[in-house]
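A.B. asks: After the structure tokens below, expect a handful of questions from me.
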Amino acid sequence: MENGSSSSSSVPSTPLLKDELDIVIPTIRNLDFLEMWRPFFQPYHLIIIQDGDPSKIIRVPDGFDYELYNRNDINRILGSKASCISFKDSACRCFGYMISKKKYIFTIDDDCFVAKDPSGKEINALEQHIKNLVSPSTPFFFNTLYDPYREGADFVRGYPFSLREGVPTAVSHGLWLNIPDYDAPTQLVKPLERNTRYVDAVLTVPKGTLFPMCGMNLAFDREVIGPAMYFGLMGDGQPIGRYDDMWAGWCMKVICDHLGFGVKTGLPYIWHSKASNPFVNLKKEYKGIYWQEELIPFFQTVTLPKECTTVQKCYLELSKQVKAKLGKVDDYFNKLTDAMVTWIEAWDELNPSVNAGTAAAGKPNGSAK
């Protein structure tokens, strides 16, 4: 594990949650992209997860406070439990969630740059994620003005007063300009398509509604939902890739719905600069494209018993149901189930003092009590 740190006078004087947030970055290359993010990221601690060959030297620009972990570090720290961390896939990033000691996590891919809003101003993505996370969510009743806690907005006529307090926000899911987050078939059909639409909105994903979570511009409250943010078994030695963030998103959303937490999506935008090869992606995704037709109905109908009062208990119960219902779809899901259990064991070992998921939950089912 490497450490590096320095200071600079160009840092804003009062960065939000400076001592309460880690930035997690998975990478196989030099992190030159950080130069563009320097004004926004430099005050924060970075956790870099080096994927691929651990003997390769990864260069981090001067002036950043960081820890860098490669596969040798993961094996050393987790021992036999290291098997739950994917290799040769960006899913390795979730080791950073586990090793962090901060309340909040922001994770970003190394091909994501600073976007500009329609006025031409650079977007401070991290600041917007923090705003999303520290304001409540409204999963039980949709507000047609989107986020009612935003300046210039409120709850509209007909919105129940008993639900206006909202619930804690567990996850903030940001979007991307330029290269959209498409699957391989859509990439092949629309190779030149670019996302140029900047929609100035944040909304809460309603209770009971799933969504495809993208891990390249994502923030979450680690103390509230961290143990559910497992990006699965992907990449080397696995029959599937590019479903790591989506798997975590489906598991996380079911647990948030059960415990009464909220999920926001929309702002902030980042600029996604590099389209991955659609033929390589198709090879990674093709089983998932079939499997998701059975996975989605599973997650839409799964229920968790009321005894599941922490994220860990919810996740272990979910793993049992994955084995019972999805194990017959493919043996991969039996392996994934075992890895889900190992992940929780490793999480609890590294985080013995924080019983994550016991933070005061929202009001399940929209109860006003």
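A.B. asks: If you average 1/r over all unlike Cα pairs in region 181-224 and invert the result, what Kirkwood radius do you get in angstrom? Intermediate values should be presented prior to the final figure.
C.D. replies: On the way: mean 1/r = 0.0723 Å⁻¹.
Final number for the Kirkwood radius of region 181-224 is 13.8 Å.
A.B. asks: Same structure, new question: Say the dipole of the chain comes from +1 at the beta carbon of Lys and Arg and -1 at that of Asp and Glu; which of V202, L318, P54 then lies farthest toward its positive end?
C.D. replies: Final value for the positive-end residue is L318.
A.B. asks: To the nearest 20 debye, what is the magnitude of the charge dipole of the chain about its Cα centre, counting +1 on the Cβ of each Lys and Arg and -1 on the Cβ of each Asp and Glu? Walk me through the numbers on the way to the answer.
C.D. replies: Details: 40 positive and 44 negative charges, 147 e Å.
That gives a dipole near 700 debye.
A.B. asks: Roughly how compact is region 151-217, stated as its Cα Rg over 2.2 N^0.38 Å to two decimals?
C.D. replies: My calculation over the Cα atoms of region 151-217 gives 1.51.
A.B. asks: For region 214-279, what ratio Rg/Rh do Cα atoms give with a Kirkwood hydrodynamic radius? Display every interim value, and only then the final one.
C.D. replies: Details: Rg = 13.8 Å, Rh = 13.7 Å.
Rounded to two decimals, Rg/Rh equals 1.01.
A.B. asks: Which semi-axes, in whole Å and largest first, does the equivalent ellipsoid of the chain have when worked out from the alpha carbon gyration tensor as the square roots of 5 times its eigenvalues?
C.D. replies: Details: eigenvalues 155, 142, 95 Å².
They are 28, 27, 22 Å, listed largest first.
A.B. asks: Take peptides 73-86, 318-331 and line them up by average Cβ neighbours within 10 Å, highest first, as a rough protection proxy.
C.D. replies: Working: 73-86: 18.6, 318-331: 16.1.
So the order, starting with the most tightly packed, is 73-86, 318-331.
A.B. asks: When the convex hull of the Cα atoms of region 78-217 is projected onto a plane and the area is averaged over all directions, what value comes out in nm²? Don't jump to the answer; show the numbers that get you there.
C.D. replies: Values: hull surface 47.6 nm².
Approximately 11.9 nm², given one-decimal rounding.
A.B. asks: Using a Gaussian network for the chain with springs between C-alpha atoms less than 10 Å apart, which of these wobbles most: L192, L163, L218?
C.D. replies: Taking springs between Cα atoms under 10 Å, the residue moving most is L192.
A.B. asks: Something else about it: Once you put a point 7 Å from the Cα of E294 and another 7 Å from the Cα of E307, both along the Cβ direction, what distance in nm separates them?
C.D. replies: 2.8 nm
A.B. asks: Let me ask something else. Share of Cα-Cα pairs in region 165-263 beyond 17 Å, in percent? Each step should come with its number before you reach the end.
C.D. replies: On the way: 2832 of 4851 pairs.
Within region 165-263, distances greater than 17 Å cover 58 percent of Cα pairs.
A.B. asks: Kindly write out, for region 328-337 in residue order, the coupling ³J(HN,Hα) from the Karplus curve 6.51 cos²θ - 1.76 cosθ + 1.60 (θ = phi - 60°), rounded to whole Hz, with x marking Gly and Pro.
C.D. replies: Taking θ as phi minus 60°, the curve returns 7, 5, 6, 5, 3, 6, 5, 5, 5, 4 Hz for region 328-337.
A.B. asks: Now, a different point. How much accessible surface does S353 have with a 1.4 Å probe, in Å² rounded to 10?
C.D. replies: 110 Å²
A.B. asks: Give the aspartates and glutamates whose C-alpha is closer than 12 Å to that of K102, dropping any in the same chain fewer than 8 places away, or say none.
C.D. replies: Once the sequence-local aspartates and glutamates are set aside, what remains near K102 is D19, E20, D22, D221, E223.
A.B. asks: Measure up K190/K287; K207/K325; K18/K274; K190/K328; K81/K283; K18/K116 against 32 Å on the Cα-Cα distance and list the ones that go over. Could the numbers behind the result be given before it?
C.D. replies: Working: K190/K287 21 Å; K207/K325 23 Å; K18/K274 29 Å; K190/K328 34 Å; K81/K283 28 Å; K18/K116 23 Å.
As for pairs spanning more than 32 Å Cα to Cα, those are K190/K328.
A.B. asks: Another question, then. Under a point spin-label approximation (7 Å from Cα along Cα-to-Cβ), what is the K121-K274 distance to one decimal in nm?
C.D. replies: Computed distance between label sites K121 and K274 equals 3.1 nm.
A.B. asks: Along the Cα-to-C-beta direction of V134, a point sits 7 Å from the Cα; which residues of region 142-166 have their amide N less than 18 Å from that point?
C.D. replies: 148-152
A.B. asks: Residues of the chain: accessible area per residue at 1.4 Å, in Å²?
C.D. replies: On a per-residue basis, the chain sits at 44 Å².
A.B. asks: Based solely on its DSSP helices, what 222 nm [θ] is calculated for the chain when runs of n ≥ 4 H residues each add -39,500 (n - 2.57) and the sum is averaged over all residues, nearest 500 deg cm²/dmol?
C.D. replies: Working: 10 runs with 117 residues, N = 369.
Roughly -10000 deg cm²/dmol at 222 nm, from the helical runs in the chain.
A.B. asks: Counting only protein heavy atoms, what percent of the accessible surface of region 192-255 is carbon or sulfur at a 1.4 Å probe?
C.D. replies: Numbers: 990 of 1960 Å².
Answer for region 192-255: carbon and sulfur cover 51 percent of the accessible area.
A.B. asks: Let me ask something else about it. May I ask you to rank E294, E67, E127 by accessible area, largest first, using a 1.4 Å probe over the protein chains only? The partial results should precede the final answer.
C.D. replies: Values: E294 105, E67 35, E127 75 Å².
Largest accessible area first, the list is E294, E127, E67.
A.B. asks: Tell me, what ³J(HN,Hα) does each residue in region 66-76 have, in order and in whole Hz, if you take phi through Karplus 6.51 cos²θ - 1.76 cosθ + 1.60 with θ = phi - 60° and put x for Gly and Pro?
C.D. replies: Calculated HN-Hα couplings, in order: 8, 10, 10, 10, 10, 4, 4, 5, 4, 5, 5 Hz.
A.B. asks: Could you check the simple spin-label distance between Y198 and R59, using points 7 Å along Cα→Cβ, in nm with one decimal?
C.D. replies: Result: 3.2 nm between the two label points.
A.B. asks: Ok, one more. If you average the C-alpha positions of region 116-187 and of region 18-51 separately, how far apart do those two centres end up, in angstrom?
C.D. replies: Spelled out, the Cα-based centre of one part sits 23 Å from the other.
A.B. asks: Of the DSSP beta bridges with both residues in the chain, give the percent that are antiparallel, rounding to the nearest 5.
C.D. replies: Restricted to the chain, the bridges split so that about 45 percent are antiparallel.
A.B. asks: Using Cα-Cα distances under 8 Å and only pairs 6 or more residues apart, what relative contact order does the chain have, in percent?
C.D. replies: Working: 712 pairs, mean separation 70.3, N = 369.
Across the chain, relative contact order equals 19 percent.
A.B. asks: Based on C-alpha coordinates, I'd like the Rg and Dmax of region 1-106, in Å.
C.D. replies: 13.8, 44
The values are calculated or read from the model by the stated rules, or taken from the named source; none is laboratory data. Source: prediction; values computed, not measured. Because the Cβ atoms are built from the backbone with ideal geometry, glycine has one as well, and the counts that use them run over all protein chains shown. In case anyone asks, the SASA skips ligands and DNA or RNA and just uses the protein heavy atoms, side chains included. Shrake-Rupley method; radii C 1.70, N 1.55, O 1.52, S 1.80 Å.
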